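Below is one structure, written out as structure tokens; the observations come after it.
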Amino acid sequence: MKIEKIKPSEIEQRSFAIITEELKEQGITLEEDKAFLIKRCIHTTADFDYARTMAFSHQAIPQMAELIRQGAHIVTDTNMALSGINKRILGEYGGEVHCFMADPEVADEAKSRGVTRASVSMEYAARLPHKVIFAVGNAPTALIRLREMIDAGEFIPDFVIAVPVGFVNVISGKEGIMETRVPYIVNTGRKGGSNVAAAICNAVLYEMKKGNL
């Protein structure tokens, strides 16, 4: 058994160095302005497919950073993603993170209407008196509901991170967001997850903290 001796404080830095090395070995060159975010997705999942499947609207990362500077709030579709997002850094800009999935009113309304809690959660989020960044890592029905509200002219999200994982309506839900004019970061295909949604948020927050965005 070969163990690499490394200080706890240096583990993340070493992980990113390994990612950089392996990307080079695979002949993959990431766009410089997006590399930090894609590498954090790889770091979170140990999956190099993210180097090939991430999609960004024009100037997506600077637009997301500017929204955060303006005090935008982040709405997730899972408490896992909510827990993983760095609320301290977001709070320095006046933002908060919300997840309405466990709200009893959301659950009751979803049951009475025969729809998912994720769908109703998006409607609740649309009522927030703030700019909102949606970070969807689990429920494609959340993306579908956002697209329905966009098409109906009821609500236009400020930004959508669309990375749900799964099989049913996952790809079409993501594509539905990419077909709009809403700024987005999407992982195309079936892969994603709440951890990826949180990682994307944190990647931007950490770069802002460093003064790079």
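Where a number appears in this text, it was derived from the coordinates with a stated rule and is not lab data. As the structure is a prediction and not an experimental result, all values here were calculated from the model. Backbone-built Cβ (ideal geometry, glycine too); neighbour counts: all protein chains shown.
Numbers at a glance
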read-out	value
Segment 53-210: proportion of alpha-carbon pairs further apart than 18 angstrom, %	53
Cleavage-rule hits, GluC sites (Glu not before Pro), segment 126-213, DSSP coil, Cβ neighbours within 10 Å at most 16	154, 179
Cα→Cβ-extended label distance, 7 Å offset, between residue 212 and residue 179, nm	3.5
The chain: calculated mean residue ellipticity at 222 nm from DSSP helix runs of at least 4, using -39500 (n - 2.57)	-15000 deg cm²/dmol
Long-range amide H partners of residue 134 with built H, under 5 Å	75, 159, 160, 161
Inter-label distance, nm, simple model (7 Å from Cα along the C-beta direction), residue 105/residue 1	5.3
Backbone N under 17 Å from the residue 92 label point (7 Å along Cα→Cβ), restricted to segment 170-213	201-213
FRET efficiency for residue 20 and residue 52, using Cβ-Cβ distance with R0 set to 25 Å, rounded to 0.05	0.95
Fewest-first ranking of 7, 111, 39, 34, using other Cβ atoms within 10 Å as the exposure measure	7, 111, 34, 39
Contact order relative to length of the chain, as percent, for alpha carbon pairs under 8 angstrom and 6 or more apart	23
Neighbour net charge for residue 93 - beta-carbon separation under 15 angstrom, K R +1, D E -1	+1
DSSP-defined antiparallel bridges as percent of all bridges, the chain, nearest 5	20
